[in-house]
Amino acid sequence: MNETEADTRANRIDPVLRDAGWGVVEGSKVNREMICPGRITGGGGRANPLSADYVLSYRDRKLAVIEAKRAGLGHTAGVGQAKDYATRLQARFAYASNGIGWYGIDMQTGTEGDIALPFPTPQELWARCFPEATTGATASVRCRSRPAAASGSRATTSTTRSLRCWRPSPRASSASC
């Protein structure tokens with residue numbers, strides 16, 4: 001398949017997200033987010049920047065990260081990156097997709113596996129992050145703990161994460177789903 005990652009995003013992944021209401025439903029956003037600008041090189045340039053392909057936010061909370069790969073690759077090829085980015089951004093869910101297959105990870109419970117479309121709506125992911133919100137309880141308590149980082153990740157194994165680049169250290173923060 002000669003499709004590029006940009007083609008896969010435009011022709012396969014973007015329509016799935018739009019159909020689920022991402023960027024359409026009020027309060028939902030689909031962004032590409034710079035995670036780390038990269039190390040400084042000679043001449044003031046930067047090397048190896050990290051950017052998430054998709055960051056899904058609803059009600060000003062980051063709920064999920066999606067790592068896209070071109071359709072010619074396996075749909076799980078971006079799982080490691082998706083987990084790393086979700087950890088760094090403190091998002092509850094990480095997804096990897098080649099636009100044909102989809103793989104999902106719940107970073108809080110560790111549950112992962114292939115998922116069937118349709119993709120979850122902003123309201124569905126919100127309800128998974130904040131089940132208490134539907135009963136009127138405080139939602140911020142639910143997302144405070146995070147699992148240990150995926151092996152090979154540069155993040156610490158603490159339950160709170162720093163968003164600094166290369167050697168994140170634990171810090172107290174209110175987690176955002």
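Rule-based calculations on the coordinates, nothing more; no lab input. Note that the structure is a prediction, hence the values are computed from the model and not measured. Glycine gets a Cβ as well: all are built from the backbone with ideal geometry, and neighbour counts include every protein chain shown.
For Glu33, what residues show an amide H to amide H distance below 5 Å, using hydrogens built from the backbone and excluding near sequence neighbours?
Excluding prolines and chain starts, which carry no amide H, the hits are Ala52, Val55.
What FRET efficiency, computed as 1/(1 + (r/R0)^6) with R0 = 35 Å and r the Cβ-Cβ distance, is obtained for Asp60 and Thr111, rounded to the nearest 0.05? Don't skip to the answer; put the middle values down first.
On the way: r = 26 Å, r/R0 = 0.73.
Efficiency, from the Cβ-Cβ distance: 0.85.
Taking θ as phi - 60°, what are the ³J(HN,Hα) couplings along region 114-129 by the Karplus curve (6.51, -1.76, 1.60), each to the nearest whole Hz, with x for Gly and Pro?
Calculated HN-Hα couplings, in order: 4, 10, 9, 7, x, 5, x, 6, x, 5, 5, 5, 4, 5, 6, 6 Hz.
Would you work out the Kirkwood radius for region 5-134? I mean one over the mean of 1/r across all pairs of different Cα atoms, in Å. Walk me through the numbers on the way to the answer.
Details: mean 1/r = 0.0665 Å⁻¹.
Taking the inverse mean of 1/r over all distinct Cα pairs, region 5-134 comes out at 15.0 Å.
Based on the Cβ-Cβ distance from Ala47 to Thr4, what FRET efficiency comes out when R0 is 35 Å, to the nearest 0.05?
Details: r = 23 Å, r/R0 = 0.65.
Rounded to the nearest 0.05, the efficiency is 0.95.
Listing Met34, Met107 from the residue with the fewest other Cβ atoms within 10 Å to the one with the most, what is the order?
Going from least to most buried by this count: Met34, Met107.
Report the FRET efficiency, 1/(1 + (r/R0)^6), for Lys29 and Ile100, where r is their Cβ-Cβ distance and R0 is 30 Å, rounded to 0.05. All intermediate terms of the calculation are to be shown ahead of the outcome.
Details: r = 25 Å, r/R0 = 0.83.
Working from the Cβ atoms, E equals 0.75.
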